[in-house]
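The values are calculated or read from the model by the stated rules, or taken from the named source; none is laboratory data. Note that this is a predicted model, so its numbers are computed, not measured. Because the Cβ atoms are built from the backbone with ideal geometry, glycine has one as well, and the counts that use them run over all protein chains shown. Only protein heavy atoms, including side chains, enter the accessible area calculation; ligands, DNA and RNA are left aside. Shrake-Rupley method; radii C 1.70, N 1.55, O 1.52, S 1.80 Å.
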Amino acid sequence: MKKLAMALAMTGAMAMASVCSAAGEGAALTKAQKALETFTAGINGVETVTYAQASAGLVPELKAKLTEEAYNGLKKSVKEKLGTCKESHFRSFERFNDGDRVVYLGKYSKEENVAMIFVFNPAGKIVNFALNPIKPAPAPAKAPAAPEKK
């Protein structure tokens, strides 16, 4: 009986420790999601999101590359290649020493599954991003039937 009580106490202590250690990751994820909401709304064609609002969450190096003209080209490209975003769902949040990576899975009108990957620096600014359509793997070709032996 003492062993059972000790095992339950250890399990409870480990569960509490894991919940407490996840608190910091939750704050980082919340900060990242706020920057993502504005940026993804902008590239998905929400007209009320301006370039200034969408680029506020970018690091200066990425902001220099993604000028207002390039941003408008990106919006047009997303619309032409992927279509309209129907929905997006959070998939993963990974912490690294030099930043974080957040992955969403989106559904667009022209592409069924799109991986939306965002990389953040420790300050919570977007360093890089990618929108990758996920295509199903082609079915393997069937091997020709062996000739029958008589």
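State whether one or more residues within the range 80-100 are in a helix (DSSP H, G or I), modelled with pLDDT of 90 or more and exposed (fewer than 12 other Cβ atoms within 10 Å of the Cβ). Looking for residues that are in a helix (DSSP H, G or I), modelled with pLDDT of 90 or more and exposed (fewer than 12 other Cβ atoms within 10 Å of the Cβ), one finds at least one in the range 80-100, hence yes.
Among the residues of the range 110-130, are any charged (D, E, K, R), in contact with a Leu (Cβ under 9 Å, 6 or more places away or on another chain) and more than 13 Å from Ala35 (Cβ to Cβ)? Break it down stepwise before answering.
The first filter runs over the range 110-130 and keeps only residues charged (D, E, K, R), leaving 110-112, 125.
Still in the list and also in contact with a Leu (Cβ under 9 Å, 6 or more places away or on another chain): 110-111, 125.
Then drop every residue that is not more than 13 Å from Ala35 (Cβ to Cβ), which leaves 110-111.
Yes; the residues of the range 110-130 include at least one that is charged (D, E, K, R), in contact with a Leu (Cβ under 9 Å, 6 or more places away or on another chain) and more than 13 Å from Ala35 (Cβ to Cβ).
Looking at the range 46-60, which of the residues that are touching a residue at least 12 places away in the same chain (Cβ under 8 Å) and open to solvent by 30 Å² or more (accessible area, probe 1.4 Å) is nearest to Val127 (Cα to Cα)? Give the derivation first.
Of all residues in the range 46-60, those touching a residue at least 12 places away in the same chain (Cβ under 8 Å) come to 51, 53-59.
Imposing the further condition that a residue be open to solvent by 30 Å² or more (accessible area, probe 1.4 Å) reduces the set to 51, 53, 56.
Numbers: Tyr51: 17, Gln53: 16, Ala56: 12 Å.
Selected residue: Ala56.
Scoring Lys76 on the criteria (1) in a helix (DSSP H, G or I); (2) buried (at least 16 other Cβ atoms within 10 Å of the Cβ) leaves a single failure, condition (2).
With the requirement that a residue be under 19 Å from Lys63 (Cα atoms) and within 13 Å of the chain's Cα centre (by Cα), what does the range 103-126 give you?
First, the residues of the range 103-126 that are under 19 Å from Lys63 (Cα atoms): 116-126.
Answer for the range 103-126, where residues must be under 19 Å from Lys63 (Cα atoms) and within 13 Å of the chain's Cα centre (by Cα): Met116, Ile117, Phe118, Val119, Phe120, Ile126.
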